[in-house]
Amino acid sequence: MKFTKMHGAGNDYVYVNAFQEAMPEDLPALSIAMSHRHFGIGADGLIVIHPSEIADARMQMFNADGSESEMCGNGIRCVAKYVYDHGICQNESLTIETGAGVLSLEVEVEAGKVERVRVDMGEPILEAAEIPTTFENSPVVNQPLEIDGQVFEVTCVSMGNPHCIIYVEQATDELVLGVGPKIENHPNFPARVNVEFIEINSPSEVRQRTWERGSGETWACGTGASAVCVSGVLTGKTDRRILNHLLGGDLELEWDQETNHVFMTGPATEVYSGEWDLA
């Protein structure tokens, strides 16, 4: 089975073109095997690009632990690049079907290849039950959450998948790698949750580290960066337009006041292609 390794700001996935490839039945097991950093290709997960009846293509996303997720902001930029660069649909305006609905994207093309993609991430979900979280207040802003005797103020946003944002002086390994997984699996989050630890440089600039549900720390999280943009406005900490520095690169975010949609712009990179033995 042919595959392509791609990344968006260091958030790397294995991509398989289901327009051409016959997919095995057990995709969670395939994602676990392919994603392994030592015994597989090495990735944050698997994204399968399917035909769609309502969009130019459909993305199906699996985390490194085999769990299926609704959406990936960095992943969808790479899907757009793959769809354009590989001739599935060579329109500079594309639609991609996801588990969170159909999203619209604009590709920036240089020398016939997509370099950057602007994604309309849609409207943020702020109702606690729809995120989902068991916190009673909606929106969930500066909500106290106790972990091992330490109280954190958390703000919760869904961009089609759940995010818990925490503002810190410094996003240390102790927080990201120690506290992150405990929040991911906290009873207040029935579908588990992605956790963002945010340092504020200025009202228009932040730095983000992410503990991703089902994958651990990743070098970038596009839905998380979008949720951080929303969280900054809700908490009064940042502007509606921000530059977000992630471990793997920068993303530009805007929560548009007129449409209530979040827009994300960032890179998409193809690394290499190969073949995976399904036997």
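The values are calculated or read from the model by the stated rules, or taken from the named source; none is laboratory data. Keep in mind the model is a prediction, meaning the values are calculated, not measured. Ideal geometry is used to build each Cβ from the backbone, glycine not excepted, and the neighbour counts take in all protein chains shown.
What the table below lists for this structure:
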| quantity | calculated |
| --- | --- |
| Selection status of VAL79, farther than 27 Å from ILE166 by Cβ and under 14 Å from the mean Cα position of the chain (by Cα) | yes |
| Single match in MET71, MET121, MET61 (criterion: out of contact with any Lys or Arg (no Cβ under 7 Å at 6 or more places or on another chain), modelled with pLDDT under 95 and either of a type in the set (A, V, I, L, M) or in a strand (DSSP E or B) (or both)) | MET71 |
| Failed item in (1) buried (at least 23 other Cβ atoms within 10 Å of the Cβ); (2) touching a residue at least 40 places away in the same chain (Cβ under 8 Å), with LEU105 passing the rest | (2) |
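Residues checked against (1) more than 23 Å from ASP44 (Cβ to Cβ); (2) crowded, with 20+ Cβ neighbours inside 10 Å; (3) more than 20 Å from the chain's Cα centre (by Cα):
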| residue | (1), (2), (3) |
| --- | --- |
| VAL140 | yes, yes, yes |
| SER158 | no, yes, no |
| ASN161 | no, yes, no |
| CYS164 | no, yes, no |
| PRO181 | no, no, no |
| GLU205 | yes, no, no |
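Listed here are the residues, each with its yes/no results for (1) without any contact (Cβ under 8 Å) to a residue 60 or more places away in the chain; (2) in contact with a Pro (Cβ under 6 Å, 6 or more places away or on another chain); (3) buried (at least 23 other Cβ atoms within 10 Å of the Cβ); (4) within 19 Å of LEU103 (Cβ to Cβ).
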position: ASP26; (1), (2), (3), (4): yes, no, no, no
position: ALA29; (1), (2), (3), (4): yes, no, no, no
position: ILE32; (1), (2), (3), (4): yes, no, no, no
position: ALA43; (1), (2), (3), (4): yes, no, yes, no
position: GLU53; (1), (2), (3), (4): yes, no, no, yes
position: GLN60; (1), (2), (3), (4): yes, no, no, yes
position: ALA64; (1), (2), (3), (4): no, no, yes, no
position: ASN74; (1), (2), (3), (4): no, no, yes, yes
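Residues checked against (1) within 20 Å of ARG207 (Cβ to Cβ); (2) basic (Lys, Arg):
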site: GLU153; (1), (2): yes, no
site: ILE165; (1), (2): yes, no
site: VAL168; (1), (2): yes, no
site: LEU175; (1), (2): yes, no
site: VAL179; (1), (2): yes, no
site: ASN185; (1), (2): no, no
site: PHE189; (1), (2): no, no
site: ARG192; (1), (2): no, yes
site: VAL195; (1), (2): yes, no
